[in-house]
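What follows is a single structure, written as structure tokens, with notes after it.
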Amino acid sequence: MHKIALLLLLCCMPVWASAQSQAIIDSLKGNLANSPKADTNRVKNLYDLSYAFYNVDPAQGIIYAQQALSLAQQLHWEKGIATSYTMLGINYGTRSEHQQALSNYFKAVTSYEHQKNKKGIASVYANISLVYQVQGDYPKALDYDFRALHAHEELHDSGSIAVIEENIGSLYFERKDFTTAMQYYNAAMQVYRRLQDTASVARNLGNIGMVHDAMGNYKEALSYHQQARDINQRHGFKKSEQVNIENIGYVYSHMHDYPRAIAYQRLALDMSVQQKIDNAIAISVGNLGETYYAMVTDTIYKPAVNKKQYLDSAISYLHCAISICEKTSFTGPMMEFEQYLSDAYLAAGKYKEALVHYKDYVALHDTLFSLEHKVRIAQLETDRQLKLRDKQIIIEQLQERNKRNERKLFYTGIALLVVITLVVLRLAWYYRRSSKVLLREKKALLTRIEIQVERIKEQSDMLDDIAHTQSHDIRGPVATILGLSQLFNPDNPQDPANKVTMQGIKSMAEKLDRVVKDIVDKENKL
């Protein structure tokens, strides 16, 4: 029986490596002791402690979760109530108390619904699926996985989508639908590599290795399992390494290398006992029983001791594994171990016991692989495909709408470009026309300026001439008249010299008159 790692999906909870668990527990206990106040921080410390214990001591984890729930209810803190119920579900699930786990998970869903917390609801749905998967109720498991997957797709939570796809792959693997299992594993792997999630990459390498083993590709299976183990060893992921060791042993058993198979399976059993994980112990013990049975029935293998000893060991280990599976309601592996135990009793000649266990195997097989289950799973797959198709139709409609909008924008852009071009051309034409008008006006203005300058120059020359005339042609006669007036003898008007003086004054006055007339003519020309 392959050892499958199924993943819890948590809302807003940390993920710790097993090597860190005790340090985390000690730290949280210290925080709890230092925070005696009954507030939401204390609730957080309590449910964090519950989560830290679920793989170490789930009984203690239940106690802390109950304390967290009680305080959260006193504080009327809905988020704390929902998380506490989730922690109770996880710890009860680890103890294989499946009904208690489901009861608390459904209470968590109700609380998250009151908060309208879609992520919380989706995460709990994924955990509910794991419980049903362990119980062998594959239709219900697939139903809740698809619910969780659809919700996380709406939230665009790629990490959670990958976890759910991996769990769905494991569900199909248990149903022997290896092609579909591989499709889901590969889809999850792409996301894990993109997110650089080392632990998940290693785990999924192991899943792919199981598919290759089931399909008879043993070398490929060993390669994948060894890659996964190397990563888990490097990072101290002991629980995951135990799964890899178990599956490596299972591959060696299929390759008829029984001594090596038993060595790996015993190592895996020791690790599962140390980790106190009942389901892991059941698979390790059951796989040892299967290997011892294979050693008896293998016609090629030559055992070193009597085959009866191996047959007795096979029966003993298989009985032990079935007992643990019954206690934990681990239905899928129990069905396989019942089949091997029936075959072992048949090989031992104990036909009555063989018939009893064969009937148990048939009953479990009919439960797990009943027509009703097949129909229900087919319906769920159809519903999933319809939702995906509807989603694809919506996407295509949006794409078509976007294309129409793009075309509208394109044509609008062209129209705007044409308008802008016309406006630019119009402005250019107007600018050129305005430039020509301005150029003509400029030339006319320059011509007028030149004329004015020439005229001013002429006026300036004329003014210079007038000024020269005033300073020379007028001043000379005026000075002469003033000089002659000094020669006039007023005491003797009959003085002959007065006549000469008056004639000189007259001559100068006439000259002065001509000068004044000339100045007036020039001024009129200005």
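Please treat every number below as a calculation from the coordinates, not as lab data. Here the structure is a predicted model, which means the values were calculated and not measured. Positions of Cβ are generated from backbone atoms using ideal geometry, with glycine treated the same way; all protein chains shown enter the neighbour counts.
Helix 351-368 axis versus longest C-alpha principal axis of the chain: approximately 20°, rounded to the nearest ten. Simple rule: put +1 on each Lys or Arg Cβ and -1 on each Asp or Glu Cβ in the chain, find the dipole, and look at ASN186, SER460, TYR317; the Cα lying farthest toward the positive end is SER460.
Across the chain, counting alpha-carbon atoms alone, Rg and Dmax equal 54.4, 197 Å.
Only helices enter the 222 nm calculation for the chain: every DSSP H run of n ≥ 4 contributes -39,500 (n - 2.57), and dividing by all residues gives -29000 deg cm²/dmol, rounded to 500. Across all Cα atoms of the stretch 195-352, the radius of gyration (one decimal) and Dmax (whole number) stand at 15.8, 55 Å.
Computed from backbone phi with θ = phi - 60° and the Karplus coefficients 6.51, -1.76 and 1.60, the 3J(HN,Hα) list for the stretch 293-298 is 5, 5, 5, 6, 8, 6 Hz; x is used for glycine and proline. Per-residue packing, averaged as other Cβ atoms within 10 Å, sorts the ranges 267-279, 312-324 into the order 312-324, 267-279, beginning with the highest. Set the Förster distance to 35 Å, then compute FRET efficiency between ASP518 and ASN498 from the Cβ-Cβ distance, nearest 0.05. The value I calculate is 0.70.
Here the extension length gained between ASP26 and HIS114 equals 28.3 nm, from 0.36 nm per residue of separation less the Cα-Cα distance. Ordering MET87, PRO139, ASN489 by the projection of their Cα atoms onto the charge dipole of the chain, which places +1 on the Cβ of Lys and Arg and -1 on the Cβ of Asp and Glu, puts ASN489 at the extreme positive end. With the biggest extent put first, the Cα atoms of the stretch 99-243 measure 51, 30, 27 Å across the principal axes. Computed from backbone phi, the HN-Hα couplings of the stretch 275-288 come to 7, 6, 10, 4, 5, 5, 4, 4, 5, 4, 5, x, 5, 4 Hz, rounded to whole numbers (Karplus: 6.51 cos²θ - 1.76 cosθ + 1.60, θ = phi - 60°; Gly and Pro given as x). When you restrict to C-alpha pairs under 8 Å that are six or more residues apart and normalise by the size of the chain, the relative contact order lands at 9 percent.
For THR180 and ASN405, a Förster radius of 35 Å and the Cβ-Cβ distance give a FRET efficiency of 0.35, rounded to the nearest 0.05.
Working note: Debye formula, equal point scatterers on the alpha-carbon atoms of the stretch 184-228, no solvent; log10 I(q)/I(0) at q = 0.14, 0.20, 0.33 Å⁻¹ is -0.29, -0.56, -1.07.
Considering only VAL296, LEU71, SER160, the residue lying farthest towards the positive end of the dipole of the chain is SER160, judged by Cα position with unit charges set on Cβ. Summary of the geometry: the stretch 212-239 and the stretch 125-142, compared by the centres of their Cα atoms, lie 25 Å apart. Here each label is just a point 7 Å from Cα along the line to Cβ, and for THR367 and ILE449 those points are 11.1 nm apart.
Distant-in-sequence amide contacts of PHE237, defined by a placed amide H-H separation under 5 Å and a gap of 5 or more residues or a different chain, comprise nothing.
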